[in-house]
Every structure is written in C-alpha cells, then in structure tokens.
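Everything on this sheet refers to the single structure shown next.
Please treat every number below as a calculation from the coordinates, not as lab data. Because the structure is predicted, anything quoted here is derived from the model rather than measured. Heads up, the Cβs are rebuilt from the backbone with ideal geometry, glycines too, and the neighbour counts pull from every protein chain shown.
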Ligand SMILES: Cc1cc2nc3c(=O)[nH]c(=O)nc-3n(C[C@H](O)[C@H](O)[C@H](O)COP(=O)(O)OP(=O)(O)OC[C@H]3O[C@@H](n4cnc5c(N)ncnc54)[C@H](O)[C@@H]3O)c2cc1C
C-alpha cells in the first residue's frame, strides 16, 4: 500500500505551499492532483495578491479593510494573522523568483483594489497566479516532493474517528489505490461549477469540501457566494478587478458612472458585493446594455492597457470580439468565489482528527460574508504554509494506523454500480446544467425565501435523479465521463448546503442579500453557519464570530 506522512489533495497554490512547508520540516510529503499542478485554477488568477508593504500602510489597516469587507463575519484573530504575516510571505515569494511588477524607484508596485484603503495589491501584470504557481512548482521539483499527477481522490478513509488516508484513482489506468497517511491536507480549491455560468475552471467542482463533509467534518458559511462585478458577457470569463484598480470606469446605458449612487466615496472600487448589487440594480431597472453594463478603459491609454492589462484585452477580443482600446467591454456580475469551506483553525486543522484544509476549500474564516480581491491568493500562501507546518507537527506525534483494503473495495463497488446503470438514464451533463442554472436563478445576488425554497426542492429532486445517472463510456482508461458523474455528486451536496444555509439566514450580510430581510441583523445573525452531513441533508448549527478589535459598524463605501 502507498504510504506517506502527509498527503495533500490538490496542487494549486495552497497545496503546493503546504507541501513546501511540510517538506522543509523533513516529513514524507506527497501531493495528488486531478490535473497537472500548473493547470490548477490558481493559474487563472489575474489581478494580484495583497500585503501591506506601502510606506503609509500597515497590517492593521489591511485587517480593518478585510473585517469591514467581510461585513464583520470574518474571525478577527484569523484576519489579523493573514494580514500580519502577508508582507513576509510576499517577500519570500519574491525571493523564490516571482517577478512582481516594480515601480520606477525599484520597490514593489501595488495597485488599488476594491474595498481597500491603500494600494496594496502586488501583481505580475495581469497573470499573477500563473507566475506564482510556476515558481512554487519549481520549488517542489527542486525539493523532490512526489506528485501523483492526474490522480483523482474519491474518498477519505476514516478509521476509529481519525482520517488516515484516501482512496484515489490513477486516471490513466482507472486503477483504485488506497494511500495511507497520518495527515491529509485538503487543498482542492473552489466550487464555481455548482453555478452556471462561473469564472471558475472546469475542474472547480468542490470535491474536497464534499469529501470532508461526507467524512463528518463540517462546512462553514457556505451560503456566502461571491459574484464578481466584471465577468464577460455570455462566456462569464473574468475581467480582473485590476482593470478598475488601474482606473477603469463602470457606466450604464446612459453613460453615467452609476456607482456614485451606491458607493459615493469608493465608486468602482467599493467591495465586490456592493459593486455587483449596484450593477444588477442598474440592469434590473432598465439602465443596462443588453443585460450588461460597460467597463470603459479607453481613457487609460494604449500604453497602460498593453503593459498592465494585456491579457484581459486579449480575453475581450477572443471571447467577445471587443477591443478594449477602442470600445467599452460589456460585463456583468458572475459567480466567482466561495467564501465558506471546510472549517479549520489557524493551523489548518479541521474538527476531524488527521484532517487539515487550506485555500479556497477551507474556511478559517478570513473572508466572512464577502472576500476582498487579492486576499484569496494571500490566504492560499499564508494558510497553506500554516497547514503544512501544522500537519508536519501533528504527524510527529501520531503513530501510523493500518488502513484496511475494504475502503478500496467499497469505492470499486460504487463505480461498478455506476457502470451497471441502464443506458436509458439521464446524463451527468444534463443534470449539471439544471443545477447550475437553478443556483444562478435562485441563489444569486438577490435572494428571497420563495426562490431559495425553490432551489432547495430542485436540488433534492436532482439528487434523486442523480441516482439514475448513466455513464456512456464504460472503459477505465482516462474516463472523464465517469469522473464528471462523480464530480456532479460532490457538487449536488454543496448546492444543497449553500441553498439550505441561505434559506435559513434571515438577514442581509455581505454577499448574502435577502430582499425579504434587507438589513444586517447583528442581534440574531452575527454568527457562523456550520453544516453537518446527515442522511436527510445538511443539519445546521451556529457558532459565535471572534471579535478582537473592531465592533460591527454600519458598512458604507
Ligand atoms: C479567474 C479567476 C481569477 C482570480 N483572480 C484572483 C486574484 O487576482 N487574486 C486573488 O487573490 N484571487 C483570485 N482568484 C481566486 C484564487 O485564484 C483562488 O481562490 C485560489 O487560487 C485557489 O487556490 P487553491 O490552491 O485553494 O485551489 P486551486 O488552485 O483551485 O487548486 C485546486 C487543486 O485541487 C486539485 N483537486 C481538486 N479536486 C481533486 C480531486 N478530487 N482529486 C485530486 N485533486 C483534486 C486540482 O487538481 C488542483 O490542483 C481568482 C479566481 C479565478 C477563478
């Protein structure tokens, strides 16, 4: 049987940063990833990564902006850790070889981002994630960390209440293997594909959140789903917040910079939930342009656009036939990020012993009800590092446990039963689209009891129909048809948790905006939602928010 001290699921920035740290502590580390590491979604990050490096900035300012951005739902001790440790982590990345953009005087350049009181987003043009990911991968190669490339994690092995490994499929052969480990770090990224459309890559199907949930570890604050203000018309491809950070305007059909109505001070650079609601209101009240609003960059000039926003100009050309040098880009709010995830402490430890989590799949919680742009890459690095160290320390104190082969047999049985279904059943692709459009229509920017209840019922119905989903291709070699069906199972769990949590939360906070409860209600709802998996769907519990320095205030921009 394959065996490691620390096994990391996911080779995005969080997983790789965790591996780097654990390896430095001399434990036996391996990563498994369903795609080649540099194809992880972190590679798509455009705009940048935050750290208070500026002369007049401070980690306290960064913390306050993050707490306010979170609509006071972020745990302030975790936020302080994130912001205090950010500058050293950025410098470390720089020393590893990340060629961040620089100012004329040679210091690191920083661009303004939404909801931030200072320009504190470090960037490499508009391809920041890709560059950091490649540099981290080089570090892992140098250190000799083993990567099981194109292996798909199917389940966690839990014995005597302790997580002690996983069952995974080598996608090339279809063979299942148990991998025993003293600690498992979940770093599987986001769940964007639960919605349609989304800015997230095809692989962002929330696998690790569902795997942890099914294994008995609770998910936290899942009803908070971020809609990014600028996603490209029709395709939903992301146009970075950096475009507004560099000075881009949002205008409506009348040519007005309408954000003045919603955020008179920060305008286009208010927090994302505020900008997205502003845009959607313009569109709903008839001041949109073909269900979109316009992102105008023309006044920034060719030189700036080509130097700092070259990739998004190409994206707009390729996907919408729009040349940002000559015309405004039609954009609209689109599903982008999951604020919640596997509940962890600041060392990445989940309540299930032996399980850790970091990155977008985890919830420490630093984003609360709304994440600030540039804080997610930062979270992967800071809490990826901490989870790697936490897991390495943990494994030094625990003995290896035997893992019975029955876990593999069980998964094998599950896959055989999927193959054995009648060919007349529905396809996973069909159910997936119904799920995505249901979530967009009913669990979107503006929510009501009626729509949320509709979503909960529809997802229940889809879960029933999922039992009859059939796999057209029965082979074992790289069967993406089979994997898509398994991923759909994960996503249906998460769609249910999101919509159930949203229906229960009777207030508006951050990205969760209830038309029937338009105010934030700190008396009753200043608390985290925890979702536990039961045979009848999620069971919800609530936990207090940690407040250290900043009492909740009215939130305006
Ligand atoms: C288009 C886009 C632009 C963004 N821009 C920014 C930005 O500018 N700044 C910012 O701060 N944030 C940005 N974000 C958010 C940020 O990029 C992500 O939240 C972050 O990169 C997630 O990193 P991660 O390591 O948690 O997961 P990912 O990078 O998504 O990696 C997940 C890994 O898990 C593996 N995996 C998943 N399931 C399985 C399974 N079942 N078995 C085996 N392996 C599995 C995958 O193969 C992959 O290696 C952006 C997001 C998107 C979608």
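Gain in length, residue 437 to residue 522, computed as 0.36 nm per residue apart minus the alpha-carbon separation, to one decimal in nm?
27.4 nm
Over what distance in Å are the Cα centres of segment 411-459 and segment 175-246 separated?
Between the Cα centre of segment 411-459 and that of segment 175-246, the gap is 17 Å.
Quick one: check the C-alpha center-to-center distance for segment 254-315 versus segment 480-557, whole angstrom.
Each part reduced to its Cα centre gives a spacing of 28 Å.
Scale the Cα Rg of segment 406-526 by the rule-of-thumb value 2.2 N^0.38 Å and send over the ratio, two decimals.
Working it through for segment 406-526, the quotient is 1.32.
So for the chain, Kirkwood radius off the Cα pairs, Stokes-Einstein at 25 °C and 0.890 mPa s: how many µm² s⁻¹?
After rounding, the answer is 104 µm²/s.
Provide the FRET efficiency to the nearest 0.05 for the residue 214-residue 265 pair, computing r from the beta carbons and using R0 = 56 Å.
0.80
So how compact is segment 6-143: Cα radius of gyration and Dmax in angstrom?
Just the Cα atoms of segment 6-143 yield Rg and Dmax of 15.7, 44 Å.
Quick check: the angle from helix 76-96's long axis to the longest principal axis of the chain, C-alpha only, nearest 10 degrees?
Result, in degrees: 90.
Can you pull the one-decimal nm distance between simple spin-label points at residue 58 and residue 317, each 7 Å off the Cα toward Cβ?
My value for the distance between the label points is 4.6 nm.
According to a simple spin-label model (label point 7 Å from Cα along Cα-to-Cβ), what is the distance in nm between residue 119 and residue 423?
6.3 nm
Spin-label point model (7 Å from Cα, Cβ direction): what's the residue 448 to residue 284 distance in nm?
Result: 0.9 nm between the two label points.
So what's the Cα pair-distance distribution over segment 300-385, bin width 5 Å, in %?
Bins of 5 Å from zero give 3, 13, 18, 14, 11, 11, 11, 9, 6, 3, 1, 0 percent of pairs.
What's the FRET efficiency of residue 307 with residue 107 using the Cβ-Cβ distance as r and R₀ = 22 Å, to the nearest 0.05?
0.80
Taking every pair of alpha-carbon atoms in segment 120-208, what share in percent sits in each 5 Å bin, from 0 to the bin with the longest distance?
3, 11, 13, 17, 20, 18, 9, 6, 2, 0
Ranking request for peptides 496-509, 410-423: highest mean number of other beta-carbon atoms within 10 Å first, then the rest in descending order.
496-509, 410-423
Could the peptides 384-393, 264-273, 514-523 be put in order, highest first, of the mean number of other beta-carbon atoms found within 10 Å of their residues?
Listed from highest to lowest mean packing, they are 384-393, 264-273, 514-523.
Compute the separation of the alpha-carbon centres of segment 336-350 and segment 11-80 and state it in Å as a whole number.
11 Å
log₁₀ I(q)/I(0) of segment 182-317 at q = 0.10, 0.11 Å⁻¹, via Debye over equal Cα point scatterers, no solvent, to two decimals?
-0.43, -0.51
Compare the peptides 362-370, 134-142 by average per-residue count of other Cβ atoms within 10 angstrom and give them in order, highest first.
362-370, 134-142
Please quote Rg/Rh for segment 264-411 to two decimal places, taking the Kirkwood radius as Rh and restricting both calculations to Cα atoms.
Over the Cα atoms of segment 264-411, Rg/Rh equals 1.15.
Could you tell me the calculated FRET efficiency between residue 138 and residue 542, based on Cβ-Cβ distance and R0 = 45 angstrom, to the nearest 0.05?
Efficiency, rounded to the nearest 0.05: 0.55.
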